[in-house]
Amino acid sequence: MMTTTTTSTLTPAAPLTVNHLSLSFGGNRVLQDIDLSVQPGEITGLIGPNGAGKTSFFNCLTGLYSPQEGSICLGLQHIERIPPTGRAALGFSRSFQHVALCPELTVAENVMIGLDRQSHAGWLSAFLALPQGNAERAANRERALGALTRLGVAEVADEYPAQLPPGVLRLVEIARAIAGQPRVLLLDEPAAGLNSVETRDLSNVLLKLRSPDLVLLVVEHDMDLIMEVCDRIHVLNGGRLLASGTPAQIQVNPEVVRVYLGDEDE
Ligand SMILES: Nc1ncnc2c1ncn2[C@@H]1O[C@H](COP(=O)(O)OP(=O)(O)O)[C@@H](O)[C@H]1O
Ligand SMILES: [Mg+2]
């Protein structure tokens, strides 16, 4: 009898927990004493005004920034001293606030870059068509097509980014981020620059990505989108965690309302 091995059986779902996380650059305290936990199987929103520290928080999670204080755990494993490559190998993946597809590569090739961290031959040898790279390149292309199919954009696999509208490009970026079957997926403002139809497509994609094996954290300014798709929301303001709760709780939280109406005293 055949047995199937999936990533999830090898690496069981685990929450991402942050305790007492603080980050500063010189005298600028960007994140202050952040405590929060993000559960697999849910969509978690991270919202807050510009400069609140949302992208910096993602950078701390992926290892790009080194917080001066605090711990970050995936399940029971402390990861705060693991460098970015090691965190990628553990299953951390992200999309960026600004479109970051390589214009010289097709959509499928762009998504295959997302498989780099798991590649044995390495993407360079695969692209140079070295012998050990050929089989791997074929396998990676299949996985890339699988990710594009999941996001409903497989038909553009062999097109170049310059030919495609922003909504499709955004889905391609997310396909690249999920191609390696991450355990932690961080999306930084996925709806930025999208029209209302594209935002609706994105919202459906996010709901489809929700999975018991995945910690999914979304930074977003589009409140309709966040309130619609999120199970739980954390609000950052001035580097501090202002509130956490369900969309219904966050919408009526007086402090959150005050921050979003922009009348907070500085
Ligand atoms: N590499 C850096 N060096 C110095 N300051 C930074 C750096 N990255 C972020 N910051 C500062 O951290 C604060 C939060 O920025 P950011 O995390 O980008 O906020 P958000 O994503 O919520 O808009 C800003 O004041 C920004 O200038
Ligand atoms: Mg940001």
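The values are calculated or read from the model by the stated rules, or taken from the named source; none is laboratory data. Here the structure is a predicted model, which means the values were calculated and not measured. Here the Cβ is made from the backbone with ideal geometry for all residues, glycine too, and neighbour counts use every protein chain on show. We work out accessible area using only protein heavy atoms, side chains counted, and drop any ligands, DNA or RNA first. Shrake-Rupley method; radii C 1.70, N 1.55, O 1.52, S 1.80 Å.
Given the DSSP H assignment, sum -39500 (n - 2.57) over each helix run of at least 4 residues in the chain and divide by its residue total; what's the result at 222 nm in deg cm²/dmol, nearest 500?
So the calculated ellipticity at 222 nm is -10500 deg cm²/dmol.
Arrange the peptides 170-179, 39-48, 138-147 so that the one whose residues have, on average, the most other Cβ atoms within 10 Å appears first.
170-179, 39-48, 138-147
Between A192 and F96, what is 0.36 nm times their sequence separation minus the Cα-Cα distance? Round to one decimal in nm.
Contour length minus Cα-Cα distance gives 33.5 nm.
What is the sum of charges around V229, taking Lys and Arg as +1, Asp and Glu as -1, for the other residues whose C-beta is under 12 Å from the C-beta of V229?
Result for the local shell: -2.
Which percent of the accessible heavy-atom area of the chain goes to carbon and sulfur, probe 1.4 angstrom?
Roughly 54 percent of what the probe reaches on the chain is carbon or sulfur.
Multiply the residue gap between S244 and H20 by 0.36 nm, knock off their C-alpha separation, and tell me the result in nm, one decimal place.
That pair, S244 and H20, stretches by 79.1 nm at full extension.
Report the local net charge at K54: Lys and Arg +1, Asp and Glu -1, summed over other residues whose C-beta lies under 10 Å from its C-beta.
Once all neighbours under 10 Å are counted, the net charge is -3.
If amide H atoms are built 1.01 Å from N in the plane of the peptide, which residues on other chains or at least 5 residues away come under 5 Å of the amide H of S95?
L186, L187, D188
Rounded to whole Å, give me the distance from the Cα center of the range 136-162 to that of the range 199-250.
27
Taking the full set of protein chains and a 1.4 angstrom probe, give the accessible area of H234 in square angstrom, rounded to the nearest 10.
Near enough 10 Å² of accessible area.
Give the peptides 185-193, 225-233 in descending order of average Cβ contacts within 10 Å, highest first.
185-193, 225-233
Looking at L225, V18, Q77, which one has the Cα that reaches farthest to the positive end of the dipole of the chain (charges on Cβ: Lys, Arg +1; Asp, Glu -1)?
Going by the Cα projections, it comes out as Q77.
List the residues, sorted by chain then number, that are 5 or more residues from I43 or on another chain and whose placed amide H is less than 5 Å from its amide H.
Long-range HN contacts for I43: D231, R232.
Quick check: net charge around A135, other residues with Cβ under 14 Å of its Cβ, Lys/Arg +1 and Asp/Glu -1?
Taking every other residue near A135 into account, the sum is +1.
Between A89 and S211, what's the calculated FRET efficiency when r is the beta-carbon distance and R0 is 25 Å? Round to 0.05.
With R0 = 25 Å, the Cβ-Cβ based efficiency is 0.80.
How big is the shadow of the Cα convex hull of the chain, averaged over all directions, in nm²?
Average of the hull's projected areas for the chain equals 16.1 nm².
Through the Karplus equation 6.51 cos²θ - 1.76 cosθ + 1.60, θ set to phi - 60°, convert the phi angles of the range 207-218 into ³J(HN,Hα) values in whole Hz; use x for Gly and Pro.
Karplus-based 3J(HN,Hα) across the range 207-218 equals 5, 6, 6, 4, 8, x, 8, 10, 8, 10, 10, 10 Hz.
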